[in-house]
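The values are calculated or read from the model by the stated rules, or taken from the named source; none is laboratory data. Everything numeric here is computed off the predicted structure, so don't read it as measured data. Note that we place each Cβ from the backbone using ideal geometry, even for glycine, and neighbour counts take in every protein chain shown. In case anyone asks, the SASA skips ligands and DNA or RNA and just uses the protein heavy atoms, side chains included. Shrake-Rupley method; radii C 1.70, N 1.55, O 1.52, S 1.80 Å.
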Amino acid sequence: MDATIRLEELASHPEYVSIEGMAGVRLDLRYASADNFVGRDLYGPSARALLHSAAAERLARAAGEMASRRAGHRLRVFDALRPGRVQRVLWDIVKDTPQRIYVADPARGSIHSFGMAVDITAEDEEGRELDMGTGFDDFTERAQPQREEEMLARGLLSDAQLANRQLLRGCMEAAGFRGIATEWWHFEAADRDWVRTHMRLIE
């Protein structure tokens with residue numbers, strides 16, 4: 001099996017599916033706009049929100065879990081499958097800065113580049129993002145789940161903001177996703193070492 005597959009080949013590939021129109025999920029693809037830390041569209045006008053089918057199935061379950069826990073609430077997806085070519089652009093920007101801990105080295109492969117990770121938040125019945133204490137791609141310690149108790153003690157994160165994060169995490173974990181220590185918005189649909197060993201990276 002080839003180690004990589006081109007993004008352009010996925011349209012006819014049964015293992016990769018679009019999540020556009022998925023019940024309980026709204027798309028807000030930040031790298032398909034200028035509303036991101038790079039400040040420009042990295043995907044182009046034909047960007048599609050894709051995931052490996054295994055991750056897509058879990059996302060659908062997470063959306064159902066959110067709806068059952070909070071009536072009218074939905075998931076909002078900031079990023080899904082991110083090809084290696086885009087990952088390299090992000091890495092080149094941060095690799096020599098302290099922010100490098102927030103971007104996977106493309107030499108190892110971001111789990112996004114296998115279609116097995118999503119960047120996500122929750123929104124209320126009015127379509128407003130729940131307050132998570134920081135926005136998406138906020139590269140500060142306030143964004144790190146591993147620092148939440150400290151941030152709470154220092155008054156840099158409120159009880160309500162932490163409760164919103166826990167709601168999101170609870171729904172994602174119930175569906176089989178795993179969060180990471182440094183970003184409240186990032187969730188992976190399988191063990192990252194297994195993904196890198198057994199799946200093909202999307203270029």
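Here are a few things to note about the model shown:
- With every protein chain in place, the stretch 1-157: carbon and sulfur % of accessible area (1.4 Å): 46
- Here the stretch 1-49 is assigned +1 on the Cβ of each Lys and Arg and -1 on the Cβ of each Asp and Glu. Its dipole about the Cα centre then comes out at about 180 debye.
- Dividing the mean sequence gap of close Cα pairs (under 8 Å, 6+ apart) by how many residues the chain holds gives a relative contact order of 25 percent.
- Gap separating the Cα centres of the stretch 1-75 and the stretch 123-151, nearest whole Å: 20
- Tensor-based shape of the stretch 93-132 (alpha-carbon gyration tensor, a/c under 1.5 rounded, otherwise prolate or oblate): oblate
- Most mobile listed residue (Leu168, Leu152, Leu51) in the chain, GNM with C-alpha springs under 10 Å: Leu152
- Whether the stretch 149-195 is rounded, prolate or oblate, judged on the alpha carbon gyration tensor where a/c under 1.5 counts as rounded: oblate
- Per-peptide average of other Cβ atoms within 10 Å, ordering 195-201, 78-84 highest first: 78-84, 195-201
- At a probe radius of 1.4 angstrom, the accessible area of the stretch 76-171 per residue rounds to 41 square angstrom.
- Prolate/oblate/rounded label for the stretch 50-158 (Cα gyration tensor, a/c 1.5): oblate
- Normalised by the number of residues in the stretch 11-93, the mean separation of alpha-carbon contacts (under 8 Å, six or more apart) gives a relative contact order of 38 percent.
- Here the extension length gained between Asp96 and Ala54 equals 11.7 nm, from 0.36 nm per residue of separation less the Cα-Cα distance.
- Assigned charges on the beta-carbon of Lys, Arg, Asp, Glu; the chain dipole about Cα centre (debye): 240
- Residues in the stretch 168-175 carry Karplus couplings, in order, of 4, 4, x, 5, 5, 5, 4, 8 Hz; the curve used is 6.51 cos²θ - 1.76 cosθ + 1.60 with θ = phi - 60°, and Gly or Pro positions show x.
- Sorting the Cα pairs of the stretch 94-183 by distance into bins of 5 Å, from 0 upward, gives 3, 12, 21, 24, 20, 13, 6, 1, 0 percent per bin.
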